[in-house]
Structure formats: C-alpha cells, structure tokens
Amino acid sequence: MPKPKIEKKITPLFTAPKGMQDILGEEEHYWRDLQRVVEKEAQSFNFKKIVSPILEDIGLFQRATGETTDIVEKEMFELTTKGGRSLALRPEFTPSVIRAYLENGLYAQPLPVKLYSLGPVFRYAQPQAGRKRQFHQFNFEIIGDKAPVLDAQLISLFWEILKKLKLKNLNIQINSIGCGQCRPAYERVLKDYYQRNLSKLCPDCRRRLKKNPLRLLDCKEDKCRLLANNAPQIVDHLCEECHDHFKDVLEFLDELELPYILNPSLARGLDYYTKTVFEVWPQEKDERQISLGGGGRYDLLVKLLGGRDTAAVGFAGGIERIIDLMKVQKVEPAKVAPPQVYLAQLGETAKKRALKLFKTLIDAKIKVAENFSKDSLKSQLRTANRLGVRISLILGQKEVLEETIIIRDMTTGVQEVVDIKKIVGEVKKRLRR
C-alpha cells in the first residue's frame, strides 16, 4: 500500500503583524454567533447602526479620551499623511461616534439618539489576554438625555447580550465618580491620601497624581490596587444631584433584578466619564478573570467636542474576551444550518444549466451545496455523503436535453426523474417529510 502523500509546509513570505490575527475556521463560528446576538438585541432596544472610519484626526482622541490616559500616552497607533496631517487608528469608539453625531447633524433628530457600532479597535501596547493590538468591540451610545433610567437600560442591554450568549456567573460592578461640581473636592482628598503613600506608588501613578488623581484608582499594579482599596470613597463626597442620580440607577437595577456590586475603586480609564461608571466581570477567581466590558455616563463630552451641552451614556463590550469566556464555560456557538441538498452535474452543458439552477434554489431559500469544479459523479456523491445531505440532484447531458433532473434520496439510494421546472416544489415537499 502506497504511503499517504505528506504536504510540505509552506513558509509564507509575509505574516500578520504582531498582535494581529486572522479569524477563521471554528473560531469564526463564535464571531458569527456573537454578532448575530448583538445585532438582534440592538434592534430589540431600538438602536440604529453607525459605521465610522477606523482612522480619525489624532486630536479627536487627545481631546476626548484625555491626554493623561494610557490610551493617548502609550497605546495609540499614530501616522502622518503625506500632506502632514496627524491621524490615529481608533483606540475606542465613543469619540468617533460623537464626532459623527456632530458632523452629520444627528443632534437635529428627536432625542435621545441611540446608536451602536461593531468592529475593530487598535492599541499599540503589548498584546495581553483578550486584547491584542487589533481587537474588536461592540459599542452602544444613547446621546441627548440625562435620565438615570438610561444608565440602567444600557446595563440591562449589556447583561441581556451576555445572557443570550449563555454566559453564567457574572456580576456588574458599579460606582459613581461624580461631576464637575463635586469631583474637585474629592480629588483634593484623594490627592492628600496618596501623597501620604507616595513611596508605595508605581512610577506612572506618581506622575498621574499631579494631573489626574482619579486615574490612580484605575491602576492595575498590585501595590497600587491595594492602596486604592483603602482610599477615600467618592460616594461620601457626591453632590446632591450625583447622589440622587446614582441612587435612582441602583433602584432601577434592583427593579430589573440585576446582580451588582458597589465598587468604590472603579473609575474607568477615560477622562470623559461623569457620574455612573460600570463594568461586567466573571465571578471566577483565577487568572482568567478580566472585565468583559463596561462604560458609563459622559455628560460633558459632546460640548467638549464642539457641540451643545448634551448628556450621554454608553458602553463597550470586548468581543475577544467574551469569546474566551464562552470557551472557558464550554458554551458552544450556534451552528450554521448545514445544507440539505447537493447539486451534482456531468459535462459542460449540464454545468452551465446547474449554475443557473443553483441560483434558483438559493433564491427559494433552499440551502444547497455543490462543487462545480468536479466532473466525476462518484466524487460529487462522495462529497454529498460526507456533508450528510438528504437529497442529491443529478443533472447530466441527457437531463438537460429532456428538461428533467434526477432526485436521489441519499438515505435509501432511490432515484426518480422529475420535470426540472417543478424541482423547487419537489425538493421542498421532500424536505418537509
């Protein structure tokens, strides 16, 4: 018996850049399932899709996200055009959405405007678990209303997406970081606390302490996280408006029976947030524990980017992180329905007719497989068996001339010749049996 031929592995001339990867095979099933759920829930909650460019003026992110944030300081992919314009690959969606909202006059529509996006974002940082240099997010924004019920509705929407993806053992971490009225006084208290513990801070936090002390609560360094756990809590310093807003959000979450944890150290890593901030985490206490996404209210951002004083709230979910957790929890993605019919052909004349018939079957919503590059009937029927189809349609020179086609039952092997003009009805009738 001859030995099977072993294909020599090809060394490609080019490979994907560090931190960027192809999505294919079984992995793609997870992506398709997640996108299907996000799109369906977006429609249920009456959000309209927006597709923004992946390249934006670098100043958009410097102004919106904050010049002292890690995203702007360390993690942006920057480039300069031949004309000298400085651009950046988007590191997040929200500034782009607000730019589009203002540039396209969406503020003239009835408010609030509800928008969602889905696609790649980019961070020039060392690849880490669940976040490579090109990663993907789904993003939801409600622009034009300050009602606390909208904060709760977005949290509910995020929760519903994760539930529809069959993820379990999750919790919502939530906090309020106040507003321009009450946050300055809290920041002074926070700065005093950290000044007393200056020697225990990482180098980044020592620098942040001067410009944005709230960012220290978001540091991922172990020694800084320990200090954050014992830091003064902003809930003790909220103004009446922020206190009432936060109280209302929590009451709405109670009404929805959503499991949340008050986390006084939660600040999120972006400068534009005000009042409510939240994240969703898995409950497992191991090395895989990582935020699946989060968001909050940003009532100052629209005005900061040149618009009117406009309240807004939003969130983003990390697609790779969610898919990783689906795998950990052994959640199988919804499978695409396999074909139930195989279309086989013999000869050039039959191939031309089969090409047209294939489109007819597809238009009739019949899922059909084929391999027009094969000429051997035996080979084609072998493929049909491997696919597990119920019916094969066989079209040869004789059938083309007689305006007929052979229907073969793949279970019994029984074949029948029928009028090709009636094939759609015949196939649907047999598939219903």
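Quick look at the numbers
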{"quantity": "Choice from Ala42, Ala334, Ala344 showing the highest fluctuation, given a GNM over the chain with Cα pairs closer than 10 Å", "calculated": "Ala344"}
{"quantity": "Theoretical FRET efficiency, 1/(1+(r/R0)^6), r = Cβ-Cβ of Arg85 and Ser44, R0 51 Å, to 0.05", "calculated": "0.80"}
{"quantity": "Across Lys146/Lys330; Lys48/Lys275; Lys18/Lys163; Lys49/Lys429; Lys114/Lys168, pairs whose alpha-carbon gap is larger than 31 Å", "calculated": "Lys146/Lys330; Lys18/Lys163; Lys49/Lys429"}
{"quantity": "Alpha carbon centroid spacing (whole Å) that separates the stretch 291-315 from the stretch 408-426", "calculated": "60"}
{"quantity": "Antiparallel bridges, percent of DSSP beta bridges restricted to the stretch 278-433 (to nearest 5)", "calculated": "70"}
{"quantity": "Paramagnetic reach from Lys330 (point 7 Å along Cα→Cβ, amide N under 13 Å) across the stretch 154-192", "calculated": "none"}
{"quantity": "In the stretch 327-433, the GluC sites (Glu not before Pro) that fall in loop regions by DSSP, at most 16 other Cβ within 10 Å", "calculated": "Glu403"}
{"quantity": "Sorted largest first, extent of the stretch 204-300 alpha carbons per principal axis (Å)", "calculated": "40, 35, 24"}
{"quantity": "Distant-in-sequence amide H partners of Tyr342 (H built 1.01 Å from N, under 5 Å)", "calculated": "Ala369, Ile391, Ser392, Leu393"}
{"quantity": "Aspartates and glutamates with Cα under 15 Å of Lys367, excluding same-chain neighbours fewer than 8 positions away", "calculated": "Glu426"}
{"quantity": "In degrees, nearest ten, helix 94-103 long axis to first principal axis of the chain (Cα)", "calculated": "90"}
{"quantity": "Degrees between helix 183-195 axis and first principal axis of the chain (Cα, 0 to 90, nearest 10)", "calculated": "80"}
{"quantity": "Acute angle (nearest 10 degrees) that the helix 348-363 long axis makes with the longest principal axis of the chain, alpha-carbon atoms", "calculated": "40"}
{"quantity": "Debye, to nearest 20: dipole size of the chain, +1 on Lys, Arg Cβ, -1 on Asp, Glu Cβ", "calculated": "1920"}
{"quantity": "Order of His237, His29, His245 - criterion: other Cβ atoms within 10 Å of each residue's Cβ, fewest first", "calculated": "His29, His237, His245"}
{"quantity": "Value of [θ]222 nm, deg cm²/dmol, for the chain, DSSP H segments ≥ 4, -39500 (n - 2.57) each, nearest 500", "calculated": "-11000 deg cm²/dmol"}
{"quantity": "From the coordinates shown, Kirkwood radius over Cα pairs in Å corresponds to which of (i) 25.6; (ii) 29.9; (iii) 24.4", "calculated": "(i)"}
{"quantity": "Sorted by Cβ neighbour density within 10 Å, fewest at the top, the residues Glu257, Glu103, Glu141, Glu28", "calculated": "Glu257, Glu103, Glu28, Glu141"}
{"quantity": "Two-site FRET efficiency, Glu28 against Glu257, from Cβ-Cβ distance with R₀ of 51 Å, rounded to 0.05", "calculated": "0.90"}
{"quantity": "Span from the the stretch 369-391 Cα centroid across to the the stretch 235-261 one, whole angstrom", "calculated": "61"}
{"quantity": "Listed residues Ile174, Ile407, Ile142, most fluctuating in the chain (Gaussian network, C-alpha, under 10 Å)", "calculated": "Ile407"}
{"quantity": "Per-residue Cβ neighbour rank within 10 angstrom, fewest leading, Asp145, Asp419", "calculated": "Asp419, Asp145"}
{"quantity": "Along principal axes, Cα extents of the stretch 341-432, largest first, whole Å", "calculated": "32, 27, 24"}
{"quantity": "Listed residues Cys182, Gln380, Tyr260: farthest to the positive end of the dipole of the chain (Cβ charges)", "calculated": "Gln380"}
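Any read-out appearing in this document is the output of simple, stated calculations on the displayed coordinates, not a laboratory observation. Note that the coordinates shown come from a computational prediction; the quantities given were computed from them, not determined experimentally. We place every Cβ from the backbone using ideal geometry, glycine too, and count neighbours over all the protein chains shown.
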